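The values are calculated or read from the model by the stated rules, or taken from the named source; none is laboratory data. Just so you know, these numbers come straight off a predicted model, no measurement behind them. No Cβ is skipped: glycine too gets one built from the backbone with ideal geometry, and neighbour counts run over all protein chains shown.
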Amino acid sequence: MDVFLQQIVNGLTLGSIYAIVALGYTMVYGIVQLINFAHGEVVMIGAMVALTVIGSLAGANTGMPPIVIVLAGIACAVPVCMVVGFTMERVAYRPLRGAPRLAPLITAIGISIILQHLAMLIWSRNPLSFPQIIPNPVFEIAGASITGVQIAIIGLSALMMLGLTALVYRTRLGVAMRATSENPQVAGLMGVNINRVISSTFVIGAGLGAVAGVMVGTYYGIAHYTMGALLGLKAFSAAVLGGIGNLAGAMLGGILLGLVEALGAGYIGEFTDLCHVSWISSGLAERCARDGHVVLMGSNYQDVFAFLVLIAVLVFRPSGLLGERVGDRA
Amino acid sequence: MQLSRAPARLRSVALIFAVLALAACGKQEEAAKSAAPAAAGGATVVKIGHAAPLTGGIAHLGKDNEAGVRLAIDEANAKGMTIGGAKIHFEMMSEDDEGNPTKGPIIAQKFADAKVAGVVGHLNSGVTIPASAVYNTAGIPMISGSATNPKLTEQGFAVTFRTVGRDDQQGPAIASYLVSQFKPKVVAVVDDATSYGEGLANEVEKTLKAAGVTVLAREKGTDKTADWKAILTKLKGKKPDAIFYGGMDSGGGPLVKQGRELGLKAVFAFGDGACSDKMKELAGDASEGMVCSQAGIPAQAASKPFIDAFKAKFGSDPIIYAPFTYDAANLIIAAMQKVDSVDPAKYLPALKASSFDGASGHIEFDEKGDRKDAEITIFAMKEGKIVPVAIIKAGKTIPFEEFAKGAGA
């Protein structure tokens, strides 16, 4: 039971990160129907900038308390990523706004490659260790352990989701965003500056991504210039799972995907252990008696679950769990 | 270390090759001028090639290798040798191969054109392997003091030797250390699904099973996996006494960090891919107490006369592989003396049959050209630094202090 509970804790942490990154995908899609494949790279840049800032502040013996240094790292990473997000929309996507759907999509992939290699030039191709300066206490709850960093990740993610929801449903900018999402032309005629709204969407998504990057770096203690690619794809799957374009859907999809991955990696080995059916052949029974296990699919299938989920959703419920208005848009 | 270190080694080897190439050009001119091999005060000049990266990220290791060869050659010249009736003056032709696999064969060809009598090098496995084909065609014996990839001596080349251990000797070594030191009942083996990681993990599992240890079902990540929590949580439920990971430090660091966060008490063990001080950076205090293996012996465990001579000549301590390149050069010279000829075809059989006491211990080659009973060193993380704790030789564990004492005597 404690193993199960522990996997839930692992999944929730992972899921919170996915959810925050998925929000970036879903917001942009909701407004301009563009899948911004470079979003994973924005997350990576967030982690790298924070790593550099935290590393140099911690190394400079400024006497600042560690928590302040980490906050300074976030405070630098967020604006840098916002600038990246703004620039990429302005330079790469805005000129293609009226173009066929495929053009911006390919451009997004191009931007992603450019950002990855820029990061490689700046931060080298070696895996970098993320400075671990804050003490990370471990708490035991009903047999499962949860660390301070995990609690911070889950808490901060929840706060950001609440904040974003409030922004979208309670502010003028939020109203403008929802209007643009429904119909950009009409919103424009009603006096909404849609260019500004779209830019803000990219900037907010990138800011969230930056925080997610710092979370990933702190959680795993490592950063690499390719770290954004797989993370981005999984978060995209999460967004599709929840219903792309739908904020609540991205959050739900992220958390669900994190749980599916943790539980999947934790239990697939047991479920596909042929020793449960060792009566099929005597050779098998022999191997089971010798090794105690003949596992068909091991934990190396961990990364597959996100994409199995993606395929299943696209086949059986293309609009996602909470999505409604798809049809002409997906 | 095939994955990450190999390219670096490659670069260093390539660097050395390049330097050697330059040197070779110069020497060829000299030779042309004198129009005969007779030079240096009437003595016959015999060239010994050396290749390693002498520029770039691991240039310091390349220089270390080069210093080992230089020391051996200078000592031989000081003794004043007569081989085949002629006075012999050895000359080192050192080339920079940049650790670049494509430069390996180019430099090898340069050596062949310059008619070197033997080659010590290269540093990186990835450079040594392509270069070895050229040496094989040219019939020049080559001894690497640092290339650990098993493939090097599996090509069936008669001229290929090495004075270090092979990667696939590491698995049995670290596994037998685990068994003798920690007496685990249940061990979990995890790998990163690369040929290096999986190969190492397979060897470890084989040795553990042979020792009667229960090995849990293999868990796998990828070489990019940073999230090990799901796998570790599952393992925690099975209460292993030790966890072995076959892979690089970029995966091993997060693994041990997350394992400790989950409250796993098991001993973490790694191969040479995750056997550096970087583990402390990646995993913080969680890395304390981990054990790992590296082929060869630490330079400070080399014989005392070698270390003293090295210090006297270069004013610094050998870094890693200098004792092995020193031995490699001496092996070539000793084989030449034995058959009284500097002709590679003549001294090659004597080299193969070497039984030599060098700076890195006793050296004999097996039929593939690998060193028999090569030592593997076990390191442990103590106060943020990896320090050698034991040497494994021919399946026996020797505590490090004892081994170092033996070498000094």
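Looking at segment B:228-246, can you tell me whether even one residue there is under 31 Å from the mean Cα position of the chain (by Cα) and within 11 Å of another protein chain (Cβ to nearest Cβ)?
Within segment B:228-246 (the criterion being under 31 Å from the mean Cα position of the chain (by Cα) and within 11 Å of another protein chain (Cβ to nearest Cβ)), the answer is yes, since at least one residue qualifies.
Considering B:L232, B:L262, which residue is surrounded by fewer than 22 Cβ atoms within 10 Å (Cβ to Cβ) and touching a Leu at 6+ places or on another chain (Cβ under 7 Å)?
B:L262
Among the residues of segment B:165-185, is there at least one that is closer than 20 Å to A:D273 by Cα and surrounded by fewer than 19 Cβ atoms within 10 Å (Cβ to Cβ)?
No, segment B:165-185 has no match at all.
Take the conditions at the interface with chain A (Cβ under 10 Å from one of its Cβ atoms) and modelled with pLDDT under 90 and apply them to B:G197. Does it pass?
Answer is no for this residue.
Counting just the residues of segment B:130-151 that are surrounded by fewer than 24 Cβ atoms within 10 Å (Cβ to Cβ) and either β-branched (V, I, T) or not assigned by TED's automatic domain parsing to the domain that holds B:V119 (or both), which one comes out nearest to B:P318 (Cα to Cα)?
For segment B:130-151, the residue satisfying everything is B:I140.
Among the listed residues A:G174, A:G213, A:G209, A:G221, which satisfies the condition of being at positive phi, of a type outside the set (V, I, T) and either away from chain B (no Cβ under 14 Å) or crowded, with 17+ Cβ neighbours inside 10 Å (or both)?
Step by step, each of A:G174, A:G213, A:G209, A:G221 is checked, and only A:G221 is at positive phi, of a type outside the set (V, I, T) and either away from chain B (no Cβ under 14 Å) or crowded, with 17+ Cβ neighbours inside 10 Å (or both).
Do we find that B:G259 is of a type in the set (G, A, S), more than 21 Å from the chain's Cα centre (by Cα) and within 18 Å of A:V216 (Cα to Cα) in this structure?
So B:G259 passes the test.
So A:T226 fits all but one of (1) in contact (Cβ under 8 Å) with a residue 60 or more places away in the chain; (2) surrounded by 19 or more Cβ atoms within 10 Å (Cβ to Cβ); what number is the exception?
So the condition that A:T226 fails would be (2).
So in segment B:160-194, with the set limited to residues that are of a type in the set (V, I, T) and within 20 Å of A:H293 (Cα to Cα), which one is farthest from the other protein chains (Cβ to nearest Cβ)?
This residue is B:V187.
Quick check, is B:Y196 among the hydroxyl-bearing types (S, T, Y) and without any contact (Cβ under 8 Å) to a residue 60 or more places away in the chain?
In short, no.
Only residues that are free of Cβ contacts under 8 Å to residues at least 40 places away in the same chain, more than 10 Å from chain B (Cβ to nearest Cβ) and in contact with a helix residue (DSSP H, G or I) (Cβ under 7 Å, 6 or more places away or on another chain): list them for segment A:138-168, please.
Residue satisfying the conditions is A:L167 alone.
Is it the case that some residue within segment B:294-308 is in contact with a strand residue (DSSP E or B) (Cβ under 7 Å, 6 or more places away or on another chain), over 21 Å from B:T225 (Cα atoms) and in a strand (DSSP E or B)?
yes
Please list, ordered by residue number, the helices (runs of 4 or more DSSP H) wholly in segment A:142-239 having 1 or more residues that are under 23 Å from B:K229 (Cα atoms).
Where helices (runs of 4 or more DSSP H) fall fully within segment A:142-239 and carry at least 1 residues being under 23 Å from B:K229 (Cα atoms), they are A:148-170, A:194-220.
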